[in-house]
1. Taking the alpha-carbon centroid of each part, what is the distance from segment 158-210 to segment 77-139 in angstrom?
2. Run through the DSSP bridge list for the chain and note the antiparallel percent, rounded to the nearest 5.
3. Enter the per residue convex hull volume of the chain, computed from alpha-carbon coordinates, in Å³ rounded to the nearest integer.
4. Could you tell me the relative contact order of the chain? Use alpha-carbon pairs under 8 Å, at least six residues apart, and round to a whole percent.
5. Which residue fluctuates most in the GNM of the chain (Cα springs below 10 Å): A114, A104, A91?
6. Once you've got the GNM for the chain with C-alpha springs shorter than 10 Å, pick whichever of T131, T116, T167 has the biggest mean-square fluctuation.
7. With a point put 7 Å past each Cα toward its Cβ, work out how far S164 is from T75 in nm, to one decimal.
8. Comparing V127, V48, V192, which has the greatest mean-square fluctuation in the GNM of the chain with Cα pairs linked when under 10 Å apart?
Amino acid sequence: MRPLLIFVGILLSFPAGSDQSLNSRDQAGYADEPIIGGPCEGCELVFVGLPENPTSTARIGPPDEPGEPMLIEGTVRTLGGNLAEGIIVYAYQTDQEGIYPVAATRHGRLRGWAKTDENGYYGFNTVRPGTYPSRDLPQHVHMHVIEPGVGTYYIDDILFSDDSLLTSERLSQLQEGRGGDGLANPKKESGVGWKVRRDITLGLNISGYQ
């Protein structure tokens, strides 16, 4: 079971029935991909609002979203090490205050999809997420993969090595190695803001993956 990091605080923020109808969730032909990798509450929401033609670099939230700018980027590879083109990477997160802004789904307003290019590259422009108001969990960005012809599954969240709440004990509790290492080393870069890398290995430590 995925750590409680996924929906702590989210379920309290959204009324029951707030998710969009899944009958209209997908315009790009991915909605029939099965959910694999074990129990995953809310995994079906990766299809809600999925753009018809995702690009390799996408934005999570509007350009004027308050907060410190952050670029997430990475390369997606197969278990055999080959670059993987055409993979949908989905991400969602809190705002700078640690809140999931109310929207049509429980994942909130700050969410986006990127489709890997011929080099396996994907990127997201966003802001650095805040810590939950309760300050009991470190900053994080939730990550999922839609792999055409295989299925959809969650991978380890992006966590930040400079987060004071991310103790070694907490890290060991939260990370499972799903899709590779989610621990990022944030660096400030002129003209970019925070820059973090999250490479992905398809199917790594995903139960039932074929």
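Derivation of every value follows stated rules applied to the coordinates shown; laboratory data play no part. A quick note: this is a predicted structure, and the numbers were derived from the prediction, not measured. Neighbour counts run over all protein chains shown; Cβ positions are idealised from the backbone, glycine included.
1. Taking the Cα centre of each part, segment 158-210 and segment 77-139 sit 11 Å apart.
2. Expressed as a percentage, antiparallel bridges in the chain total about 70.
3. Convex hull volume per residue, Cα atoms: 118 Å³.
4. Contact order relative to length: 24 percent.
5. In the Gaussian network model the winner is A104.
6. Residue with maximal mean-square fluctuation among T131, T116, T167: T167.
7. If labels sit at S164 and T75, their model points lie 3.6 nm apart.
8. Comparing V127, V48, V192 in the GNM, the peak value goes to V192.
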